[in-house]
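Accompanying notes for the structure given below.
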Amino acid sequence: MATSKTKGRSVYACTECGATAPKWQGQCPGCGAWNTLVESLAAPATSRFASLAGTRSAVRPLGSIVARENPRVATGLAEFDRVLGGGLVPGGVVLLGGDPGIGKSTLLLQAGAALGAAHPVLYVSGEESPEQIALRAERLGLVNAPVELLAEVQLEAIVAAIGTARPAVVVVDSIQTVYTEALASAPGSVSQVRECAAQLTRLAKERGISVILVGHVTKEGAIAGPRVLEHIVDTVLYFEGDPHSAFRLVRAIKNRFGAANELGVFGMTERGLKGVANPSALFLSQHDDPVPGTAVVATLEGSRPLLVEIQALVDPVAGGAPRRLAVGLDPQRLALLLAVLHRHGGVEVGGYDVYVNAVGGVRIDEPAVDMAVLLAIYSSMKNRPLPAKLLVFGEVGLAGEVRPVQRGQERIREAAKLGFRTVLCPSANQPKQAVQGVEVVPFDRIERAIAWLKAL
Ligand code: TYD
Ligand code: MG
């Protein structure tokens, strides 16, 4: 706890049930949960959050309300605009989360520089000195970018600076470094991060400023990750990607002003992030000959199809319990797929360690990847490669059925475009007309898909 000269009357509120206690204690007096009390301001919630939802208004019939498109401020970085749903919205608050070093500050400095030409931009940095930012700007070739810089971590000072500079866009890098005098807890704690974000959000709504908050994704612990802010802000974007590869994905997890699940794809270069307009083939590794344990899937997260190689390694257990590890894929889903493979595919995996990986640090949450995971596992287990130029997609159900996925045609066409010659897909996704260049092989059960592979 930083200081004892607390200004606000703080109380300790439970994050589970909302009960409050005047002092911190390990167990919540309301619901009995452990370690859920965090310091909060005692002021009534109504005054602190009143303007989050806009001005107070009367009850009106839906039909009498004229819908307005939110005006957009394009950042000039096409891939960033794509995930934002067309650009920043005045009064909108964006949270940009990601691992340290993935490229958040780089992206926002580039966006700020592009925006600065037409809109006043204030870049508040709590992590780096103006000199360090100038060094980055030099590297990016943006030394004369029309961006105002402020190195500050105290919320009240930041708010005052916003009042004087009157920016249209404010970047706060990062929200974990900002603290308010009103709370005694340390910067980066749940209560500080939440309170500061709520105050900046209120300011954004009141003045029609676009605010972008940077949040580091951190392991669970004393430091609050961006997750605690997801419900406060309008748009939540996460940076993904393997820091050792050149590609970075920015994914919209939530967007009150546009489609969630949209993806922006960037390459990290010597001179900053460059948008990749045509990313579909980025996540395929290049094998000269087909290798066992790999399968390519066409995923459709966001509006563009993305072809991703799924790799599996199945190895006899060396002793102890078998290991299951999923990188970029849901581990629960892996467990489920292994059970289905055993029961309906007749493939026994009990005595094996199973590792699966989506190439390039992509995360795939779509069930359309199920068939690719199963076939990669099967291929590794049998030590036999799948046929060359084969693409597969389809959701697998517990009964062993292969379920259709959305926009199957689009996936098949993308496969054809990139030179795939065979597509295994759910029967219900079979196109009515032949797609030039590919043979489509439909399946409705996983045992049939396995029998087809065996017969090759
Ligand atoms: P940074 O934006 O500082 O990451 P974050 O704010 O998310 O912590 O970028 C970090 C990495 O990007 C750093 O390791 C260096 C690399 N980088 C480049 O490869 N090219 C560039 O032009 C810049 C500015 C950074
Ligand atoms: Mg940074």
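Quick one: which residues, 5+ away or cross-chain, put their amide H under 5 Å from the amide H of PHE283? H built at 1.01 Å from N.
LEU307
Over the chain, what is the relative contact order in whole percent, taking alpha-carbon pairs under 8 Å and six or more residues apart? Could the numbers behind the result be given before it?
Numbers: 980 pairs, mean separation 54.2, N = 456.
After rounding, I find 12 percent.
By residue number, which cysteines of the chain lack any other Cys whose Cβ falls under 4.7 Å from their Cβ?
CYS196, CYS425
Placing unit charges on C-beta atoms (Lys and Arg positive, Asp and Glu negative, everything else neutral), compute the dipole magnitude of the stretch 220-339 about its Cα centre in debye, rounded to 20.
Values: 11 positive and 13 negative charges, 67 e Å.
Here the stretch 220-339 has a charge dipole of around 320 debye.
Rounded to the nearest 0.05, what FRET efficiency do HIS287 and ALA186 have when you use their Cβ-Cβ distance and R0 = 51 Å? Show your work: numbers first, answer last.
Numbers: r = 50 Å, r/R0 = 0.98.
Once the sixth-power term is evaluated, E becomes 0.55.
I'd like the trypsin sites (Lys or Arg not before Pro) in the stretch 257-323 restricted to DSSP loop residues with at most 15 other Cβ atoms within 10 Å, sorted by number. Please report the intermediate quantities before stating the final value.
Details: sites: ARG271, LYS274, ARG323; in loops: ARG271, ARG323.
Loop-located and lightly packed - ARG271, ARG323.
With each run of n ≥ 4 DSSP H residues scored as -39500 (n - 2.57), what mean residue ellipticity at 222 nm is computed for the chain after dividing by its residue count and rounding to the nearest 500 deg cm²/dmol?
Details: 10 runs with 112 residues, N = 456.
So the helix-based figure for the chain works out to -7500 deg cm²/dmol.
For the chain, take the longest principal axis of its alpha carbons; what is the angle in degrees between that and the long axis of helix 190-207, to the nearest 10 within 0 to 90?
80
Expressed as a whole percentage, what fraction of the accessible surface of the chain belongs to carbon and sulfur atoms when a 1.4 Å probe is rolled over the protein heavy atoms?
The C+S portion of the solvent-accessible surface of the chain is 54 percent.
Just order 377-390, 307-320 by mean Cβ neighbour count inside 10 Å, highest at the front, would you?
Final packing ranking: 377-390, 307-320.
Using 0.36 nm per residue, how much length does the chain from THR20 to ALA335 gain when fully extended, once their Cα-Cα distance is taken away?
109.4 nm
Sorted by packing (mean other beta-carbon atoms within 10 Å per residue), highest first, where do 157-170, 133-146 land?
Final packing ranking: 157-170, 133-146.
What are the residues whose amide H is under 5 Å from the amide H of ALA326, where those residues sit 5 or more places off or on another chain and H is modelled from the backbone?
It is VAL356, by chain and number.
Output ³J(HN,Hα) for the stretch 330-347: one whole-Hz value per residue in order, computed from phi by the Karplus curve 6.51 cos²θ - 1.76 cosθ + 1.60 with θ = phi - 60°, and x for Gly and Pro.
Here the 3J(HN,Hα) series is 6, x, 5, 5, 4, 4, 5, 5, 5, 5, 5, 4, 5, 5, 9, x, x, 9 Hz.
Direction-averaged shadow area of the convex hull around the Cα atoms of the chain, nm²?
For the chain, averaging the hull's shadow over all directions gives 27.3 nm².
Run through the stretch 400-456 and list the trypsin sites (Lys or Arg not before Pro) located in a DSSP loop whose Cβ has at most 10 other Cβ atoms within 10 Å.
Working: sites: ARG407, ARG411, ARG413, LYS417, ARG421, LYS432, ARG445, ARG448, LYS454; in loops: ARG407, ARG421, LYS432.
Within the stretch 400-456, the qualifying trypsin sites (Lys or Arg not before Pro) (loop, at most 10 other Cβ atoms within 10 Å) are LYS432.
So what's the angle, to the nearest 10 degrees on a 0 to 90 scale, between helix 155-165 and the longest Cα principal axis of the chain?
Taking the Cα atoms of the chain, the angle to 155-165 is about 80 degrees.
Tally Lys/Arg at +1 and Asp/Glu at -1 over every other residue whose Cβ is under 15 Å from the Cβ of ARG384; what's the total?
+1
List the pairs from LYS104/LYS205; LYS23/LYS104; LYS382/LYS417; LYS104/LYS417 whose alpha-carbon separation is above 28 Å, in the order I gave them.
Pairs exceeding 28 Å: LYS23/LYS104; LYS382/LYS417; LYS104/LYS417.
About its Cα centre, how strong a charge dipole does the chain have in debye, to the nearest 20, once Lys and Arg get +1 and Asp and Glu get -1 at the Cβ?
For the chain, the charge dipole is close to 960 debye.
Considering only DSSP beta bridges where both residues belong to the stretch 282-454, give the percentage that are antiparallel (nearest 5).
Expressed as a percentage, antiparallel bridges in the stretch 282-454 total about 55.
Defining a contact as two alpha carbons under 8 Å apart and six or more residues distant in sequence, what relative contact order in percent does the stretch 153-212 show?
37
From the Cα gyration tensor of the stretch 71-277, with a ≥ b ≥ c the square roots of its eigenvalues, which class applies: rounded if a/c is under 1.5, or else prolate if a/b is larger than b/c, or else oblate?
It is rounded, given that a/c, with a ≥ b ≥ c, falls under 1.5.
Out of the GluC sites (Glu not before Pro) in the stretch 230-304, which ones are loop residues according to DSSP with at most 12 other C-beta atoms within 10 Å?
GLU270
Post the alpha-carbon centroid distance, the stretch 343-385 to the stretch 100-164, in whole angstrom.
First find each Cα centre; the distance between them is then 44 Å.
What does the charge count around ARG323 come to, taking other residues whose C-beta lies under 14 Å from its C-beta (Lys +1, Arg +1, Asp -1, Glu -1)? Could the numbers behind the result be given before it?
Details: positive: ARG324; negative: ASP315, ASP353.
The answer is -1.
Points 7 angstrom from Cα along the Cβ direction at ALA428 and LEU325: gap in nanometres?
3.6
Mind checking the per residue accessible area of the chain for me, 1.4 Å probe, whole number of Å²? Mind showing how you got there, number by number?
Details: 21620 Å² over 456 residues.
Per-residue value: 47 Å².
Of the peptides 195-208, 344-357, how do they stack up when ordered by the mean number of other Cβ atoms within 10 Å, highest first?
With the highest mean Cβ count within 10 Å placed first, the list reads 195-208, 344-357.
The values are calculated or read from the model by the stated rules, or taken from the named source; none is laboratory data. Owing to the predicted nature of the structure, the values given are computational and were not obtained by experimental measurement. Don't worry about glycine lacking a Cβ; one is built from the backbone with ideal geometry, like all the others, and counts go over all protein chains shown. The accessibility values were calculated without ligands, DNA or RNA, using every heavy atom of the protein model including side chains. Shrake-Rupley method; radii C 1.70, N 1.55, O 1.52, S 1.80 Å.
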